[in-house]
Amino acid sequence: MTLVQPNPAIIEEEPPVSLWRDAWHRLRRNKLAIFGLGVVVLLAFVAISGPYLTPYDFLSQDLAARNQAPSLAHLFGTDDLGRDVFSRVVYGTRTAFLVAVVVTAIALVIGTTLGAIAGFFGEPYDRIIMWLTDMAMSVPNLLLVVVINASLKNPIARWMEAQYMATLNPFYRETIWIDFFLVFGSMALISWPPYARLVRAQVLSIRTRPYITAAMALGLSNRIIMMRYVVPNALGPLIVSVSAGLGTAMVLESAFSFLGVGVNPPTPSWGNMISDGLRVWQHYPHLLAAPAFVLGLASVAFSFLGDGLNDALNPRGTK
Amino acid sequence: MTARNAQERLLDVKGLTVEIDGRRGPAVIVDGIDLHVGKGETLGVVGESGCGKSLTMLSLMRLLPNKIKVTKGTAEFDGRDLHKMSTRELRKVRGGDIGFVFQDPMTSLNPVMRIGDQLCEPLIYHRKMAKADARKRAVELLRLVGIPGPEERLEAYPHELSGGMRQRVMIAIGLACDPKLLIADEPTTALDVTIQAQIVDLVKDLRNKLGMSVVWITHDLALIAGLADRVVVLYAGTVVEDAPVDDLYANPSHPYTRGLLASIPTLSDAPTARLSSIGGTPPEPGRRPAGCPFAPRCPLAMDICRREVPKLEPISSGGSHRAACFAVNKALKAA
């Protein structure tokens, strides 16, 4: 090569700005999104460090101090068993985050896998997976969860009891596993279809991009192309959808707890606190107000954050 | 270099036909193409947009988009038919034995992956290299294609590089596993002229160093003159002329080739002279004329041209220069 090397200063385009840094700049200008982010971070902190923040144990009852109005000793008052409502709300945050994260993670894994397979490999996988998705979406959510809980809870509980009798392993005495398995499982079951559809649509459009053909021309396996070329490029819209999905999962869990098919008492959940508080709200409005307010705040925060991320990650959307 | 043509064929394509499943039924896009590339040879494939250059090459790697299929023909690479290989074998050939450089450097690199990782991918996958060795080789490759500061560039994302740099990265990826054949699909179309010249020099240089064969697809006849050993001219999915590069420019035979060469402006033209062009447009796939596909635009067209399809026939004594034209063959026999 005898030619002179090009001067890098001339051919260099604008200074390098990565997609994520660019998105972060746009997100920072969105006040509502930053508010949402702040609330989410705060709630996450509360959820993680819950036991160190609460003045009382969420189960300890003080029958002498039942149904007290908010005071300095009990920030959100006490409930009908004299339990500190503030501590229960904090523990409820833990439950809500646990449910939201686990359910969204399961739904995301199922949805992304199925959606990517449907979009990438085309017929006949596409048709079969989309049938499954439509089927799952066609069943009313609440009905499905109620049916699953009503029909499976007792058999599983009986099986666990039998296992305990046979092995004396205390693991089988923890009814919380039933909660997790049934509640998380049934919620994930109704949450994955939107992810599958979103990922499929993304993959369908990404599949025709030249860099996918280029990757195939390199002889890479389909698995590598999916994991490293297709899915990472589909991530933007997925992040937006996950942020909104976390909020939805919290509301969903509360709705199920409210109907009595969610996390079982005495594990505190915003939903069963709302359900308890609703019976006595004319006399003790704080029992309803505290969990309902926090639930509302969380749901609004996630939705603002999702909207903000949507604008930040889609430069072509609103300016 | 022409002497090598008689040597072993690395790639031998016979009667390759590609069809698209259109709304109005199947239409032929590539119509029985014969092509061959010798070991160490550089073949230029020339033709205007839409004549089936890229599809021919994509079909060799079985990378055709949906609804476009190979319906006839064989494509032997190193003695094995690419179209009959199992997917597993084909994957070894793709990127391993045949390197592919794509047309558009702006969209052919994965935007969310660092250059280094994309370069290492074929090395780790085909050569089973350890990550550290692959990175060393990646630095070597970037240096080979003339990218300054290769160590830092490994960490860059595609959008941080200019078009010329990206095209060099594409070439480096194509060369990663020392392929026997490099297929370059208009690799310089998106670049400006100085960088074009550098890339051509680079490929020539590498070809001489590594002894690989090259198929260079372009519509730029001037560019191919300095690069190829032999040139194949495609028109509407058929080979109309196949000649050693010097022969083609000294003695273009097919009226289409002549038209193409005549339409290259030269510096000695009067500034006011009109640029020469070939009248008409190429036929749409599915509406090909009955005879020679070029007949409707051909100044030499005779009755037979509209009825029968001419075959590719030798027009020089050695048989290395071939053209598919009744008029040329007739003149030859008359002489």
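The residue that is modelled with the lowest pLDDT, counting only those in segment B:108-123 that are of a type in the set (A, V, I, L, M) and touching an Asp or Glu at 6+ places or on another chain (Cβ under 9 Å), is B:Met113. Evaluating B:Ile183 against the criteria (1) in contact with a Ser or Thr (Cβ under 8 Å, 6 or more places away or on another chain); (2) crowded, with 24+ Cβ neighbours inside 10 Å; (3) within 22 Å of A:Pro210 (Cβ to Cβ) leaves one unmet condition, (1). Restricting the first member to segment A:28-47 and to residues that are free of Cβ contacts under 8 Å to residues at least 60 places away in the same chain and in a helix (DSSP H, G or I), and the second to residues that are buried (at least 18 other Cβ atoms within 10 Å of the Cβ) and not polar (S, T, N, Q), the beta-carbon pairs closer than 7 Å and six or more apart or on different chains are A:Ala44/A:Phe97; A:Val46/A:Val90; A:Ala47/A:Arg94; A:Ala47/A:Phe97.
Residues of segment B:167-178 include at least one that is in a loop (DSSP other than H, G, I, E, B), within 18 Å of B:Glu41 (Cα to Cα), more than 9 Å from chain A (Cβ to nearest Cβ) and touching a strand residue (DSSP E or B) at 6+ places or on another chain (Cβ under 9 Å). Can you find, within segment A:235-246, the residue that is nearest to the other protein chains (Cβ to nearest Cβ) among those that are over 17 Å from A:Ala44 (Cβ atoms) and either touching a Phe, Trp or Tyr at 6+ places or on another chain (Cβ under 8 Å) or surrounded by 21 or more Cβ atoms within 10 Å (Cβ to Cβ) (or both)? Of everything passing the filter in segment A:235-246, A:Leu238 is nearest to the other protein chains (Cβ to nearest Cβ). Each residue in segment B:121-159 was checked for being away from every other protein chain (no Cβ under 14 Å), of a type outside the set (A, V, I, L, M, F, W, C) and touching a residue at least 24 places away in the same chain (Cβ under 8 Å), and 1 of them qualify. Of the strands (runs of 3 or more DSSP E) contained entirely in segment B:16-120, those carrying at least 3 residues that are surrounded by 16 or more Cβ atoms within 10 Å (Cβ to Cβ), within 18 Å of the chain's Cα centre (by Cα) and within 9 Å of chain A (Cβ to nearest Cβ) fall at B:98-101. Hey, does segment A:202-221 have a residue that's surrounded by fewer than 20 Cβ atoms within 10 Å (Cβ to Cβ), closer than 14 Å to A:Ala116 by Cβ and away from chain B (no Cβ under 14 Å)? Among the residues of segment A:202-221, not one is surrounded by fewer than 20 Cβ atoms within 10 Å (Cβ to Cβ), closer than 14 Å to A:Ala116 by Cβ and away from chain B (no Cβ under 14 Å), which makes the answer no. Assess whether B:Lys311 counts as being within 22 Å of the chain's Cα centre (by Cα) and more than 14 Å from B:Thr257 (Cα to Cα). In short, yes. So for segment A:192-199 (the condition being in a helix (DSSP H, G or I), under 25 Å from B:Glu121 (Cα atoms) and within 14 Å of chain B (Cβ to nearest Cβ)), does at least one residue qualify? No - not one qualifying residue is present in segment A:192-199.
Checking each residue in segment B:300-316 for being of a type in the set (Val, Ile, Thr) and either surrounded by fewer than 14 Cβ atoms within 10 Å (Cβ to Cβ) or assigned to a loop (DSSP other than H, G, I, E, B) (or both) picks out B:Val309, B:Ile315. Looking only at segment B:218-232, residues that are hydrophobic (A, V, I, L, M, F, W, C) and modelled with pLDDT of 90 or more come to 2 in all. Flag not set for A:Ala249, criterion: crowded, with 23+ Cβ neighbours inside 10 Å, out of contact with any Pro (no Cβ under 9 Å at 6 or more places or on another chain) and over 18 Å from A:Ser191 (Cβ atoms).
The single residue among A:Thr112, A:Thr133, A:Thr167 that is surrounded by fewer than 17 Cβ atoms within 10 Å (Cβ to Cβ) and hydroxyl-bearing (Ser, Thr, Tyr) turns out to be A:Thr167. For segment B:194-216, a residue qualifies if it is within 14 Å of chain A (Cβ to nearest Cβ) and modelled with pLDDT of 90 or more, and exactly one does: B:Val215.
The values are calculated or read from the model by the stated rules, or taken from the named source; none is laboratory data. From a predicted model like this one, the values you see are computed outputs, not experimental measurements. Please note: Cβ atoms are built from the backbone with ideal geometry, for glycine as well, and neighbour counts cover all protein chains shown.
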